[in-house]
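Any read-out appearing in this document is the output of simple, stated calculations on the displayed coordinates, not a laboratory observation. Computed from a prediction, not measured in an experiment: that's the story for all the values here. Positions of Cβ are backbone-derived with ideal geometry, glycine not excepted, and every protein chain shown enters the neighbour counts.
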Amino acid sequence: MFALSLSGNLNAQAVETEVNTLDKQYETLMRVSTTYQEYKVIKNVRLNEFWKNIQDSIKTAGVEKLALKQKISGLNEELITTQNNLSEVTSNLETSNHDRDRIDFIGIPLKKAAYNSVVWGIIFILGGLALFFFFRYNKSNAITRTTKKECDTLFNEYDNYKKNTRDKELQLKRELQTAINTIEDLKL
């Protein structure tokens, strides 16, 4: 019975010591210990139990320290991986921004503003050339139309002249024939 009550007390104390911190256990140890002159008299069982709790705390702290070191090394690896990914993403972003801001024109990489200037310059030059050739065409076309009209007029005048000349020739031939006939009539 004594053993059962002692083991129950130990179990209760073990549960209690797990809950209590080392500081509280030390305060409890100092409170329950007796004082002899200026010295504290502590029972070996309680002192051994406190020492056991300290060793458990040290082991737990060591395990926690090891777990934290592993976690730190894992986080450091993750940080390195994240930094590598960040540098890759930054590089890709710079490449993307460079590609977005530039256009290859006839094999020459140009910024978009320069490309727009070149393209609009070409458009204005071609537009100017088109207007120049349009006006030249209109001028040439007007000259051609005028020349055709003058040529048609000249051909018409020539045809009229030929017609009139033929009529005159016919009339002259008739008059000549009439004169020849009258001369022959006179000779006879």
- Item | Condition check for I103: in contact with a Pro (Cβ under 9 Å, 6 or more places away or on another chain) and either in contact (Cβ under 8 Å) with a residue 40 or more places away in the chain or of a type in the set (A, V, I, L, M) (or both) | yes
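Which of the following residues is loosely packed, with under 11 Cβ neighbours inside 10 Å and farther than 30 Å from Y26 by Cα: E94, E38? Show your work before the answer.
Values: E38 fails: farther than 30 Å from Y26 by Cα.
E94 is the lone residue from the list that is loosely packed, with under 11 Cβ neighbours inside 10 Å and farther than 30 Å from Y26 by Cα.
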